[in-house]
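Below you'll find the structure, written out as structure tokens, and then a few comments.
The values are calculated or read from the model by the stated rules, or taken from the named source; none is laboratory data. As the structure is a computational prediction, the values presented were derived from the model and not from experiment. Positions of Cβ are backbone-derived with ideal geometry, glycine not excepted, and every protein chain shown enters the neighbour counts. Surface areas here come from the heavy atoms of the whole protein model, side chains and all, with no ligands, DNA or RNA. Shrake-Rupley method; radii C 1.70, N 1.55, O 1.52, S 1.80 Å.
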Amino acid sequence: MTSKKKKELLKLQIYRAVASSTAIETGESIPELERKLKNKSSKFNWLTLA
């Protein structure tokens, strides 16, 4: 596996972890929260995950 693929996989895992943690606290669905995290039109799109 190339370094780029590993980084992309790690990024997807981080999205899933953040979404599932938030879903537990808020009651929203994990796929919906993942979609919001991946959405680049957010007002905080200049922030990056790890």
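Things to note:
- Entry remark, the stretch 5-39: residues being closer than 13 Å to L49 by Cβ and of a type in the set (D, E) number 2 in total.
- The condition (being at pLDDT below 90, over 9 Å from the mean Cα position of the chain (by Cα) and of a type in the set (S, T, Y)) is satisfied by just one residue among S41, S20, S29: S41.
- Filtered residue count, the stretch 11-25, keeping only those that are surrounded by 12 or more Cβ atoms within 10 Å (Cβ to Cβ) and free of Cβ contacts under 8 Å to residues at least 24 places away in the same chain: 7
- Which listed residue is of a type outside the set (A, V, I, L, M), part of a loop (DSSP other than H, G, I, E, B) and open to solvent by less than 80 Å² (accessible area, probe 1.4 Å), from E34, E28: E28
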